[in-house]
Amino acid sequence: MNYSIFQSPRDILYGQDTVNLVGEKAIKFGKKVMIITGKHSSKKTGALDKVLDSLKKNNLDFVVFNDIESDPSANTVRKGVEVAGENGIDIIVALGGGSALDASKAISMVASNGGDIVDYEDNIPHKEGIPIIAVPTTAGTGSEVSKFSIITDTDRKIKMLIANDLLIPKVAILDPKLTLMMPPSVTAATGMDAFTHAIEAYISKASQRTSDLYAIKAIELISRNLAKAVLKGDDLEARENMMVGQMYAGLAFTNSSTALVHSMSRPLGAYYGVPHGLANALLLPEVMKFNRAACADRFKAIAAAMGENIHGKSTREISYMTIDTIKNVFLETGLPTKLKEVGVDESNFENMAEDAIKSRTTLLNPRKPTVEQLIEIYKTIY
Ligand SMILES: [Fe+2]
């Protein structure tokens, strides 16, 4: 039987000040809340206080687990599982960027299903996790609506991609005001991550009609608002458009897939600690050049969504134009453009290419690469 399925959180709330509704949503799941967040930023920006106020107003008990580092490790997940177990947690509020959200999903799953997080890479858990209300404070990962969690296994030097629809948060709350304090470099990198999600979801072999709708609208919103949000952080309209755009991108890729950019960016994170969004940004234009001939038809809608006039032009012309426009969106962010600028050296290109080729997202890329071609791409952007 050939069919598609579109999955999403039960509720997606978006709009200014929606963070104040966390308590009202949480109370439906129980009494004991675990807030999972990073060490500093949600405190500094006031996001944590807003969440706490809302929980207090609804007479909920809570513990704050603020040990989440960027690129959360298996050890952090283990600590979080312990805290959840000791406190008999009913509901998790995941507050922060992709790291806090991904760690929350992993903690929720292991707390309910037992075992160790490293076993979850191949084994699909079967039981619902602790329900999650995800409150992102960056506009990029789409983790609040996705079925993925990326956890770093520092022993094996790999980023584990854990995928399961049980990981989709029950509620996503997207308040664009929480992103106003994001510094330009983080706005740029997380925004480019979302842009990559949208494009890859659309050209992936797993794309489907419903995910396409979200992907194209995400490409439109992100390509037209990312530079504005980077240059003028208090532009609330641009922030709101980015927040919605990255959520659409999240819905698109969680129901389709990402592709080769994500396969190649994960090793850059695992070997050199390059932040996920920045790694994607560096790779995106070159990987799209590699993919061009295999999905030139799909590039037409991408070009149109980015505002290009495609009338009267050949498919080939449009496909080259699409790559240029994607590159411009990237250049406008002011992010570094070469791997050597972000602490990467050439010694691991072969290992990284070997890791990337094994990734599931490589199988779903429109063009099948060889290890040599991947090494070549790393070299081109070095
Ligand atoms: Fe991503």
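The values are calculated or read from the model by the stated rules, or taken from the named source; none is laboratory data. Keep in mind that what you see is a predicted model, and the values were worked out from it rather than measured. Quick reminder, even Gly has a Cβ in these numbers, built from the backbone with ideal geometry, and neighbours come from all protein chains shown.
Some points to look at:
- Verdict on Asp102 being in contact (Cβ under 8 Å) with a residue 12 or more places away in the chain, within 16 Å of the ligand (Cβ to nearest atom) and in the same structural domain as Lys170 (by TED's automatic domain parsing): yes
- Pick from the stretch 267-277, criterion within 11 Å of the ligand (Cβ to nearest atom) and surrounded by 24 or more Cβ atoms within 10 Å (Cβ to Cβ), ranking: nearest to Ala227 (Cα to Cα): Gly277
- Residues that are among the small types (Gly, Ala, Ser), without any contact (Cβ under 8 Å) to a residue 60 or more places away in the chain, farther than 29 Å from Ala189 by Cβ and outside the structural domain of His276 (by TED's automatic domain parsing) are absent from the stretch 29-40.
- Test: residue in the stretch 257-267 that is under 19 Å from the mean Cα position of the chain (by Cα), modelled with pLDDT under 95 and at negative phi: yes
- Criterion violated by Gly273 - all others in (1) touching a strand residue (DSSP E or B) at 6+ places or on another chain (Cβ under 6 Å); (2) at positive phi satisfied: (1)
- Hey, Ile318 of a type outside the set (Gly, Ala, Ser), surrounded by 19 or more Cβ atoms within 10 Å (Cβ to Cβ) and more than 25 Å from the chain's Cα centre (by Cα) or not: yes
- Of all positions in the stretch 228-251, none carries a residue that is outside any helix (DSSP H, G or I), within 16 Å of the ligand (Cβ to nearest atom) and either surrounded by fewer than 24 Cβ atoms within 10 Å (Cβ to Cβ) or in the same structural domain as Ile199 (by TED's automatic domain parsing) (or both).
- Whether a residue is more than 16 Å from the ligand (Cβ to nearest atom) and within 30 Å of Tyr272 (Cα to Cα) was assessed, and Asp155 passes this test.
- Within the stretch 139-149, considering residues that are touching a strand residue (DSSP E or B) at 6+ places or on another chain (Cβ under 6 Å) and buried (at least 24 other Cβ atoms within 10 Å of the Cβ), the one nearest to Gly96 (Cα to Cα): Glu144
- Residues satisfying the criterion are absent from the stretch 260-267 (criterion: over 28 Å from Leu178 (Cβ atoms), assigned by TED's automatic domain parsing to the domain that holds Thr196 and outside any helix (DSSP H, G or I)).
- Count - residues of the stretch 115-132 that are in a loop (DSSP other than H, G, I, E, B), surrounded by 12 or more Cβ atoms within 10 Å (Cβ to Cβ) and in contact with a helix residue (DSSP H, G or I) (Cβ under 7 Å, 6 or more places away or on another chain): 4
- Of all residues in the stretch 205-227, none satisfies the criterion of being within 13 Å of the ligand (Cβ to nearest atom) and either of a type outside the set (A, V, I, L, M) or in contact with a Pro (Cβ under 9 Å, 6 or more places away or on another chain) (or both).
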